[in-house]
Amino acid sequence: MVFRSNYVRLNVEFETKTGVVTRLIRRKIIVGDYPIGDRIPVDRVAAELHVSQTPVREALRILEAEGYVESLPHQGFQVASPDTSNLSDIFGLLEIIDGYAARLAAKRITHENLANLEELHARMIESVKQKDDRLVRALNLEFHETIYMATEVPKLISLLNFFWATARWDILSTHPDRMPRTLQEHQAVLDALRRRDPDAASAALAAHARSCEYDSMELEKLCQAGGRGRGD
């Protein structure tokens, strides 16, 4: 079964019901609506999203394969901690893919895409001032999704989902310096895309990935030194 989705600015005309539910649950995890370690009852999610339990179960299996949730024997699913065991490798790959995506986006981005990015960036600046962590994380995700969608290569979104699951998606609200750095780095990406400069856009988004890697590694060391688990 398929149905039309008006989901924020991504121009997704048709998706399977399971695809929509997967995307919505993934977003709730990334923005913090479902915190790390939280149980995800199938019946509750089905009621929240106004769907039957079948697409929710299917979505959770997909998210388990991606690394966002884990199944517990006889207990259902819970939000998994990001796997930080291979952060350097993951961010190394993300740097390459981000650079490629930004290069394509600079060549193919539309005026509507640019306007959306401008608005998202402005709203993110305001949300940081208001200390609205949840909204900042949501806008950050949408900023990156919009760039990837501008490439006109849908498979890149799947890669983005995978890498975000294996990186620290909570870093914006857990590292004290990440938000201001992200705003500066997003501005550099936006400026390059506005100029439609593939080299500059690629370099800016790749640099953003490297910066996130540095902060993620630093955060992981702090967590280990303090005896905290990932995502605590």
message: Restricting the calculation to Cα positions, tell me the Rg (one decimal) and the Dmax (whole number) of the chain in Å.
response: 17.5, 54
task: Diagonalise the Cα gyration tensor of segment 52-115 and give the resulting equivalent ellipsoid semi-axes, square root of 5 times each eigenvalue, largest first, whole Å.
output: 33, 20, 8
field: Hits among aspartates and glutamates - C-alpha to C-alpha of LYS17 under 13 Å, sequence gap 8 or more where chains match
entry: GLU58
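So how much slack lies between ALA65 and LEU93, counting 0.36 nm per residue of separation and subtracting their Cα-Cα distance, in nm?
Details: separation 28, 0.36 × 28 = 10.08 nm, distance 1.88 nm.
Contour length minus the Cα-Cα distance gives 8.2 nm.
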- line: Among the Cα-Cα pairs of segment 87-225, the proportion with separation greater than 25 Å, in percent, is 20 percent
Reach of LYS107 by Cα under 24 Å, taken over lysines that are not fewer than 8 positions away in the same chain: LYS155
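Report the Rg/Rh value for segment 32-87, based on alpha-carbon coordinates and the Kirkwood definition of Rh.
On the way: Rg = 11.6 Å, Rh = 11.8 Å.
Rg/Rh: 0.99.
Could you compute the net charge surrounding ARG210? Neighbours are other residues with a C-beta less than 12 Å from the C-beta of ARG210; K and R count +1, D and E count -1. Please list the in-between numbers first.
Numbers: positive: ARG181; negative: GLU95, ASP98, GLU185, GLU213, ASP215.
Result for the neighbourhood of ARG210: -4.
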message: Need one number: nm distance between label points at GLN224 and ALA207, each 7 Å from Cα along Cα→Cβ, rounded to one decimal.
response: 2.9 nm
query: What is the Cα convex hull volume of segment 132-191 when expressed per residue in Å³?
result: 80 Å³
Under Karplus coefficients 6.51, -1.76 and 1.60, residue-wise ³J(HN,Hα) of segment 83-100 in Hz, glycine/proline x: 7, 9, 6, 10, 4, 4, 5, 4, 5, x, 5, 4, 4, 5, 5, 4, x, 5
query: So how much slack lies between ASP177 and HIS111, counting 0.36 nm per residue of separation and subtracting their Cα-Cα distance, in nm?
result: 20.6 nm
statement: Computed curve, segment 94-160, Cα-only Debye sum without solvent term, log₁₀ I(q)/I(0) at 0.14 Å⁻¹, is -0.43
statement: Rounded to 0.05, the calculated FRET efficiency for the beta carbons of ARG57 and SER158 at R₀ = 22 Å is 0.60
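We did not get these values from a lab; they are worked out from the coordinates using the rules stated. Remember, predicted model here, so these are calculated numbers, not experimental data. Here Cβ is always computed from backbone atoms with ideal geometry, including for glycine, and neighbour counts include all displayed protein chains.
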